[in-house]
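The values are calculated or read from the model by the stated rules, or taken from the named source; none is laboratory data. Nothing here was measured: the structure is a model prediction, and the numbers come from that model. Please note: Cβ atoms are built from the backbone with ideal geometry, for glycine as well, and neighbour counts cover all protein chains shown. With ligands, DNA and RNA removed, areas are computed over all heavy atoms of the protein, side chains included. Shrake-Rupley method; radii C 1.70, N 1.55, O 1.52, S 1.80 Å.
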Amino acid sequence: MKYWDIFVDGYNGYASYLWYEITHPGWQNYFYWLLIVSGFFFLLEVVTPWRKDQPKFRKDFWLDFFYMFFNFFLFSLIIYNAASDVVVNLFNDGIKAITGGFDLQASNPLNASPMWLILLVGFLVRDFVQWWVHRLLHRSDFLWEFHKVHHSVQQMGFAAHLRYHWVENVVYRSLEYIPLALLGIGLYDFFIIHIFTLAIGHYNHSNITVPGYVTGGVLGALIGLLIATGGFDINLLQDPSLAAQLGTVAASIAVGAFALGPFMKKVFNSPEMHIWHHSYDLPEEHRYGVNFGISLACWDYIFGTAYIPFNGRDIRLGFPGVEEFPEDFIHQNIHGFGSVHKEERVAENDLPATPAK
């Protein structure tokens with residue numbers, strides 16, 4: 001009954017939260033942040049497209065738009081905030097039973113940490129877990145059948161970020177939630193991280209190209225704003241004047257653009273890198289995929305899966321057999337429950353074997 005009560009409380013709590021989000025617009029409202037971030041990247045795609053011949057409302061744009069709300073709200077209503085609460089409580093209680101009462105959650109060293117450290121650790125842990133889960137989705141023939149939904153995109157745009165099978169929600173959320181919950185990442189912390197990673201995910205899939213110094217300047221501006229305002233318990237300035245705050249932001253933008261700029265595309269994912277993850281053609285030695293990074297590109301460079309042989313702006317997207325893959329929401333989301341197809345992942349092609357430098 002304890003775990004059933006946790007499930008019901010999680011479901012009811014999030015249902016109330018979701019309804020409040022929709023009916024009460026505000027700056028701390030995730031629902032409208034989703035719309036704002038999506039609108040921002042759609043505007044960039046219209047004003048400065050990377051693939052200029054691609055339609056503004058590309059193939060399957062509205063299908064992906066529906067996926068955005070289904071995967072981020074309707075399905076998460078049950079899986080993330082209800083079922084996963086049960087999982088983490090079962091896990092923590094299991095640790096207590098095995099160790100004779102050791103409470104892993106209560107012993108978390110981040111309990112007394114400032115919010116900026118909690119968010120930074122939560123972001124890094126979540127992205128690292130997601131990177132390995134993403135590799136698993138490609139390596140497992142069973143899970144690949146579900147992941148094909150995401151790779152069925154044949155014209156790339158920001159909303160393609162959100163086209164994925166509902167089974168992926170189960171896999172990702174189940175595996176990422178336990179370490180996040182045990183680190184003390186609560187609902188509020190999670191959604192701050194989620195908004196940040198939402199923006200990066202939209203950016204990675206967008207039909208735009210941005211120099212590293214620009215993305216470095218944007219990151220610098222965000223950090224500068226937090227320092228200037230004391231956000232997330234960053235208390236480096238004591239009662240700063242407006243001039244000091246503006247100077248801090250300007251200096252952070254400069255540092256981000258010129259110091260971080262040259263390294264941004266090796267640290268963070270980008271459209272130029274992620275387009276190769278969706279390539280129809282793969283090199284023989286990377287038959288299970290390349291560039292698995294969700295938000296961070298560094299994991300691919302560390303583990304040897306980074307691959308950008310040349311400018312991939314106009315490469316063919318999809319996978320061998322995508323021509324026969326279902327094109328509607330219903331059939332895409334029942335795909336994968338039949339027999340597993342042991343198939344050749346790499347079509348004949350002349351891609352170079354040299355990985356990205």
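Tabulated results
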| item | result |
| --- | --- |
| Amide H within-cut-off set for LEU317, under 5 Å, with H built and near neighbours excluded | TYR280 |
| Spacing of the two label points (7 Å from each Cα toward its C-beta) at ILE22 and ALA259, in nm | 4.6 nm |
| Note, ³J(HN,Hα) from phi for the range 255-260, Karplus 6.51, -1.76, 1.60, rounded to Hz, x at Gly and Pro | 5, x, 5, 9, 8, 8 |
| Rough spin-label spacing in nm, given labels placed 7 Å along Cα→Cβ, for PHE142 and ILE36 | 4.2 nm |
| Spherically averaged projected area in nm², based on the convex hull that wraps the Cα atoms of the range 103-226 | 9.3 nm² |
| Neighbourhood charge, 14 Å Cβ-Cβ cut-off, centred on ASP189 and excluding it, Lys, Arg +1 and Asp, Glu -1 | -1 |
| 5 angstrom amide H check on THR209, placed H, neighbours 5+ away | TRP50 |
| FRET efficiency estimate (nearest 0.05) - Cβ-Cβ, TYR280 to PHE303, R0 22 angstrom | 0.40 |
| Table column - 3J(HN,Hα) (Hz), the range 116-131, Karplus curve with 6.51, -1.76, 1.60, x for Gly and Pro | 4, 6, 4, 5, 5, 5, x, 4, 5, 5, 4, 5, 5, 4, 5, 4 |
| Cross-link pairs LYS59/LYS342; LYS56/LYS266; LYS59/LYS265; LYS52/LYS342; LYS96/LYS148 - those with Cα-Cα distance over 32 Å | LYS52/LYS342; LYS96/LYS148 |
| Amide H contacts under 5 Å for PHE268, placed H, 5+ residues apart | ALA297 |
| Full-stretch length increase - LEU43, LYS56 - with 0.36 nm per residue and alpha-carbon distance subtracted | 3.7 nm |
| Extension gain from VAL170 to ILE195, taking 0.36 nm per residue of separation minus the Cα-Cα distance | 7.0 nm |
| Inter-label distance, nm, simple model (7 Å from Cα along the C-beta direction), LYS342/TRP132 | 2.7 nm |
| Kirkwood-based Rg to Rh ratio, the range 162-214, C-alpha trace | 1.07 |
| Residue-level accessible surface for GLU344, protein heavy atoms, 1.4 Å, Å² | 100 Å² |
| Residue-span extension gain [ILE234 to ASN311] - 0.36 nm each, minus C-alpha spacing | 23.8 nm |
